[in-house]
Amino acid sequence: LVCVGATSSRLEREFETRRMGESKAIARYVAEFFGTFVLVATVCGNVLSGQTVWAGVSIGCSLAVMIYAVGKSSGAHLNPAVSVCCGLAGKCPVREVLFYAASQFLGGLSAAVLMMWTHHGNVVRVAPVGEHKWWQAALAELLYTAVLCFVILNVAASKQHAGKNQFYGIAIGFVVVAGAYSGGGVSGGCFNPAVAFGLDFGSAITSFTAPKWYSFMYVIFELVGAALAAGLYYLVRPEDYMKEASSGPSMTSKLVSEFLGTFVLVLTVGLNVLTSSPAAAFSIASSLMCMIFALGTVSGAHFNPAVTVAIYVSGRGKTTRQEALFYVAVQALAGVLAARLSWLMTGKTFSPLKPETSSWPQVIVAELIWTCVLAFVVVSVATVKNPLSEYFGFAIGMCVTVGGFAVGSLSGGALNPAVALGLALSSTVYDCWHFIPYTIIELLAGAAAAYIFMVTQPSEYEELEVDEEKGTVADNADAAQGIAPDDIYLQSEATAAAADGDFGCQKFGKMATREDSDFSLSGKPKAGIEKKSLANKGANKSAPGGGCRCLPGLF
């Protein structure tokens, strides 16, 4: 994957041509130093002040705000693992990776020393939490660093999203929120070599002692996570490395996307539960939100069999029966594997899915209502004619926060058959059957959400003809003129496009008006007015703002 076939010199020339940030190297390196300084200072401040409940949110928000602040200057990597990942994915030349990493390490160390000095010489040691083993902590660092790098590549460096959205900062920052309360309960939650190095060596300088070996282990596994993210990115977005225009994500890319999104979601659920996280619902919601932002334009980002059922039952050709079945199978497999991995990383067993203090009627009501809410929101904000373009991930992800706090004490707040299946099969033998009623209830809730959608939004079904086998939708007027439903259409919205400026972000799945295809959350072509053939896809890549645009600055 190194530079993906591009020579270092050619990549550097492309980097210079495409840069949207500061042309002066000193500006980029100072931006990386300062951004990493703020991040590590926030980490130290939270730990040294004894903040337990809001630390993860504080640190994640510090990353998000600095990404928005210095993104136009350097691309806002603020993490050596991110820089290495971008280098491996062909998004950054080797020279810049080295200088960025040096700036980040220096910024992290400076922040750690300063913050420890201001807290009367108290130090922050890097080590596994509690009685967790070194390899468990290493797995936590590897996995959540990989998730962080993977989300960054997708929302800020892919051809589909680069430079065309404003949700990138939230999507990236809230990966830290997701990981801090899940993987952080095992390893402490660095997910950044500059954090691990800065805390360990800052502690050594402050206390005049030798650094611990855990920081070196963390750095190694975090870099392995970066390499893993680059490989997974190639699997879900191979079109980024194709010279010819792509007609859309392949079934392989879609299934890998559904597996990864569900895996990260269930892993976060499992680790939050088994480590007794103080903010489980918010952490889980953040993981769902970030993976939806990252993979929505690949597979539709269902990550939940109940959501897949809701989208299929709602009709309109958003998915086919075969695709829906494949999605559900992959989601179930990911849920089981992620739950078993969380058990392995903590050495603990899940409690029965149904809380002992609740009756089955209480569980049925809780899971039915809030799974229905989640599925209804997905169908309503992401599969309609004019879906949300910026806040779709937030709207869907926060449904888990809503349901988790509202009915978590009654049913556990699974709201997802993949979660129920994974956790139940990793609990005691006598209680593993609980996933059966949970799954039935949640799938019925998905179907109910589809029917509520039909009743509340009838305009979505006006003047539409649906080919269920092909999963396509065509306007009746176009069909009367002999326009085939297999064609891809491009909605003509010149006024809205002008209002969006360079971002050109009109719809979820239609991330740019210049070069990208008009796909819905399901990954299927959307209906429209102005016909656009596949032969014309990418025709405007040479126009201003075309080509590989990304988070302002570097990628």
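Would you mention how many residues in segment 455-471 are modelled with pLDDT of 65 or more and either surrounded by 17 or more Cβ atoms within 10 Å (Cβ to Cβ) or acidic (Asp, Glu) (or both)?
Summing the residues that are modelled with pLDDT of 65 or more and either surrounded by 17 or more Cβ atoms within 10 Å (Cβ to Cβ) or acidic (Asp, Glu) (or both) in segment 455-471 gives 3.
From the set of residues in segment 47-86 that are of a type in the set (Val, Ile, Thr) and either open to solvent by 40 Å² or more (accessible area, probe 1.4 Å) or in contact with a Ser or Thr (Cβ under 7 Å, 6 or more places away or on another chain) (or both), which is nearest to residue 121 (Cα to Cα)?
Here the answer is 47.
Restricting the first residue to segment 336-348 and requiring it to be closer than 13 Å to residue 182 by Cα, which pairs with a second residue that is open to solvent by 60 Å² or more (accessible area, probe 1.4 Å) and among the hydrophobic types (A, V, I, L, M, F, W, C) meet a Cβ separation below 7 Å and a spacing of at least six or different chains?
339/425
Can you tell me which residue in segment 336-372 is surrounded by the fewest Cβ atoms within 10 Å (Cβ to Cβ), limited to those that are among the charged types (D, E, K, R) and at pLDDT below 95?
The qualifying residue surrounded by the fewest Cβ atoms within 10 Å (Cβ to Cβ) is 356.
For residue 237, only one of the following conditions fails: (1) basic (Lys, Arg); (2) more than 27 Å from residue 193 (Cβ to Cβ); (3) in contact with a helix residue (DSSP H, G or I) (Cβ under 9 Å, 6 or more places away or on another chain). What is its number?
So residue 237 meets the others, but not (2).
Scanning segment 428-454 for residues that are crowded, with 19+ Cβ neighbours inside 10 Å and touching an Asp or Glu at 6+ places or on another chain (Cβ under 9 Å), which turns out nearest to residue 358 (Cα to Cα)?
Across segment 428-454, the extreme among qualifying residues is 438.
I'm trying to understand the selection: among the residues of segment 184-218, which are farther than 18 Å from residue 82 by Cα and in a loop (DSSP other than H, G, I, E, B)?
188, 208, 209, 210, 211, 212, 213
Does at least one position in segment 417-432 carry a residue that is in contact with a strand residue (DSSP E or B) (Cβ under 9 Å, 6 or more places away or on another chain) and touching a residue at least 40 places away in the same chain (Cβ under 8 Å)?
Checking segment 417-432: not a single residue is in contact with a strand residue (DSSP E or B) (Cβ under 9 Å, 6 or more places away or on another chain) and touching a residue at least 40 places away in the same chain (Cβ under 8 Å).
So for segment 227-245 (the condition being among the small types (Gly, Ala, Ser), open to solvent by less than 60 Å² (accessible area, probe 1.4 Å) and not in a helix (DSSP H, G or I)), does at least one residue qualify?
Yes: one or more hits.
Would you be able to say whether some residue in segment 375-384 is closer than 30 Å to residue 166 by Cα and in contact with a Pro (Cβ under 7 Å, 6 or more places away or on another chain)?
Checked against the condition, which is being closer than 30 Å to residue 166 by Cα and in contact with a Pro (Cβ under 7 Å, 6 or more places away or on another chain), segment 375-384 yields at least one hit.
Please go through segment 127-177 and pick out each residue that is in contact with a Ser or Thr (Cβ under 6 Å, 6 or more places away or on another chain), at pLDDT below 95 and in a helix (DSSP H, G or I).
Within segment 127-177, no residue meets the criteria.
Give just the number: which of (1) over 20 Å from residue 187 (Cα atoms); (2) at pLDDT 95 or above does residue 269 not satisfy?
Of everything listed in (1) over 20 Å from residue 187 (Cα atoms); (2) at pLDDT 95 or above, residue 269 misses just condition (1).
Anything in segment 270-315 that is surrounded by fewer than 24 Cβ atoms within 10 Å (Cβ to Cβ) and either in contact with a Gly (Cβ under 6 Å, 6 or more places away or on another chain) or not in a helix (DSSP H, G or I) (or both)? List them, or say none.
Result: 275, 276, 277, 278, 279, 281, 315.
Return the residues of segment 87-96 that are surrounded by 20 or more Cβ atoms within 10 Å (Cβ to Cβ) and in a helix (DSSP H, G or I); say none if nothing qualifies.
Correct list: 87, 88, 96.
What are the residues in segment 375-410 that are surrounded by fewer than 21 Cβ atoms within 10 Å (Cβ to Cβ) and of a type in the set (Phe, Trp, Tyr), if any?
Listed by number, the residues that qualify are 391, 394, 405.
The values are calculated or read from the model by the stated rules, or taken from the named source; none is laboratory data. Not measured: the values here are computed from a predicted model. Ideal geometry is used to build each Cβ from the backbone, glycine not excepted, and the neighbour counts take in all protein chains shown. With ligands, DNA and RNA removed, areas are computed over all heavy atoms of the protein, side chains included. Shrake-Rupley method; radii C 1.70, N 1.55, O 1.52, S 1.80 Å.
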